1. Identify, from the list B:216, B:235, B:209, B:229, the residue that is more than 14 Å from chain A (Cβ to nearest Cβ), open to solvent by less than 30 Å² (accessible area, probe 1.4 Å) and under 17 Å from residue B:57 (Cα atoms).
2. Taking the options A:100, A:91, name whichever one is in contact with a Leu (Cβ under 6 Å, 6 or more places away or on another chain) and among the β-branched types (Val, Ile, Thr).
3. Suppose the filter is open to solvent by less than 40 Å² (accessible area, probe 1.4 Å), away from chain B (no Cβ under 14 Å), at negative phi and touching a residue at least 24 places away in the same chain (Cβ under 8 Å); does residue A:62 pass it?
4. Can you tell me which condition residue B:4 does not meet? The list is (1) closer than 16 Å to residue B:224 by Cα; (2) surrounded by fewer than 16 Cβ atoms within 10 Å (Cβ to Cβ), and all the others hold.
5. Just need a number here: residues in segment B:135-192 that are assigned to a helix (DSSP H, G or I) and in contact (Cβ under 8 Å) with a residue 24 or more places away in the chain.
6. Among the listed residues A:104, A:88, identify the single one that is outside any loop (DSSP other than H, G, I, E, B), more than 10 Å from chain B (Cβ to nearest Cβ), among the acidic types (Asp, Glu) and in contact with a Phe, Trp or Tyr (Cβ under 9 Å, 6 or more places away or on another chain).
7. Here is a check on your reading of the model: is residue A:51 within 14 Å of another protein chain (Cβ to nearest Cβ) and open to solvent by less than 40 Å² (accessible area, probe 1.4 Å)?
Amino acid sequence: MIHARGVAKHFLTRGARVEALRPVDLDVARGAFVSIIGPSGCGKSTLLRIIAGLETASEGTLTIESAADQRAGFVFQDAVLLPWLSAEENVRFPLDAAGVPRDEGDATARRLLALVGLQGFEKALPRALSGGMRQRVSIARALSYDPPLLLMDEPFGALDLLTRDRLNDELLTIWTATKKTIIFVTHSVEEAAYLSDRVVVMSPRPGSIKKIYDSPLARPRGERTKLDPAFHQLMADLRRDLA
Amino acid sequence: MGRAALRGLTTVLCALAAWQIIVVVFQAPAYLLPSPLVVAQKFSLLAGTGDLGRHVLSTLAEVLAGSLAGAVAGLLCGWLFTRLPVLGRLLSPLILLLQTAPKIAIAPILLLWLGLGLAPKVVLVAIVAFFPVMAGAAAGLAGVDKSYRDLARLLRLSAWTRFRRIDLPFAAPPAFAGLRIASTQAMTAAVVGELMGATYGLGYLLNLGQENNDAGVVIAAILMLCVMGWLLHEGVRLAERRFLGWHESQMAQAQA
């Protein structure tokens, strides 16, 4: 559903041209789970932000097949919740801003909080929630307006490993339940290998796509995946490409 | 009544008793230091004619209207300067210049322009309240993570929605803190304006007492100002707690 052709980004700082992203070609099929992995400063976030419409490409064409008014869902590294709103109000926020009737927004917020495993925490303020729970609220908020495309920028990068593992599994459950197309930026090899249908490896400054792997791993993923030799082979390949 | 309030009341009563004892022991002349009882009599006399109420109301009106105008202007400017940094850079020297001048120095020209009524005092109070609120709002907004700007763009929020639902709540706590600091200065500004020329107000009452060598009236006016200042401070604090509860507890948690 996404076709990027020669998409590149450069900007001017004090008269000097800085290349953030060299021309990249990328296709993402509808319903796919695609990870973009690379070292810091490789332009993976820039690419994601261009797809989100937060930045404009300096060159190339980007086609996203969806209704013209449909926004992408976006999950930041930090939860970026409004600290004065409850979990439920935060999830409902995009709907409120769009003028969706109150009871409809309420129902959606409750359903999504249940989906991310936060039933019973509807009225909690963000500060009363753990980092992992805040990120779940953030995912529910990104899903609230039912975007066909969910963009995630190192969403679990700030969490501890145990929480991260659990949220990875829950993300796969959500992905299966909602049939979203997900583009997931990460610098964790294990995360990329475990979650994805395709892994896009990027090389550092100036960023470009080095290699694209189609995952040989079966679905659904779980404990068995982590024992699969193919999983370890994929991680080894990714590590080698990143080195 | 809470223990703190009881303690406060005890202290005030002790101070009044000490005052009475000093007057009796040192036989202070009544035109210099009248006893609390004499002041109380003056108080009821002034209150009885309705004069005191009129003076209090006019000072209160100046302080409230001025603080509100200053706070709204400060909040808007703080927001505008954050959204349009060029504007901030252009105007901040001017604002700083106005801020460094003692506010009292501005009072005579305001009286010349706006007469002896409420208007010049309201403007003076507004100028005093403006700066700390603006500085607070600007600092609060500058500290907001850039991702919130991205969020607003992703959700395609209108400028007004973004201001109301994101920027304003973030700017409010430091702006309120600025307002709390400004509230005592706002009282000073109103009284200074009245001292320089007025037909009503507690500052006017102070002048009147001084001209008539009536220390009782002066002290009564000062006491009224104390009460008003305290109420104002408490009012702002209560409003802060009511509207910014999420922030206060967050601060408490951060300190713990």
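The values are calculated or read from the model by the stated rules, or taken from the named source; none is laboratory data. Everything quoted here is computed from the prediction, not taken from an experiment. Glycine gets a Cβ as well: all are built from the backbone with ideal geometry, and neighbour counts include every protein chain shown. Accessible surface areas use protein heavy atoms only, side chains included; no ligands, DNA or RNA. Shrake-Rupley method; radii C 1.70, N 1.55, O 1.52, S 1.80 Å.
1. B:229
2. Details: A:100 fails: in contact with a Leu (Cβ under 6 Å, 6 or more places away or on another chain).
Just one listed residue meets the conditions, A:91.
3. On the way: open to solvent by less than 40 Å² (accessible area, probe 1.4 Å): no; away from chain B (no Cβ under 14 Å): yes; at negative phi: yes; touching a residue at least 24 places away in the same chain (Cβ under 8 Å): yes.
Criteria not met by residue A:62.
4. Result: residue B:4 fails condition (1) only.
5. Applying the first criterion (assigned to a helix (DSSP H, G or I)) to segment B:135-192 yields B:135-142, B:147-154, B:159-192.
Now narrow it down to the ones that are in contact (Cβ under 8 Å) with a residue 24 or more places away in the chain: B:135-142, B:163, B:167-168, B:170-192.
Adding up the residues that qualify gives 34.
6. Details: A:104 fails: in contact with a Phe, Trp or Tyr (Cβ under 9 Å, 6 or more places away or on another chain).
None of the other options fit; the residue is A:88.
7. Numbers: within 14 Å of another protein chain (Cβ to nearest Cβ): yes; open to solvent by less than 40 Å² (accessible area, probe 1.4 Å): yes.
When the stated conditions are applied, residue A:51 passes them.
Rundown of residues vs (1) in contact with a Phe, Trp or Tyr (Cβ under 8 Å, 6 or more places away or on another chain); (2) in contact (Cβ under 8 Å) with a residue 24 or more places away in the chain; (3) open to solvent by 10 Å² or more (accessible area, probe 1.4 Å), yes/no style:
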residue: A:4; (1), (2), (3): no, yes, no
residue: A:9; (1), (2), (3): no, yes, yes
residue: A:40; (1), (2), (3): no, yes, yes
residue: A:73; (1), (2), (3): yes, yes, no
residue: A:84; (1), (2), (3): yes, yes, yes
residue: A:95; (1), (2), (3): yes, yes, yes
residue: A:111; (1), (2), (3): no, no, yes
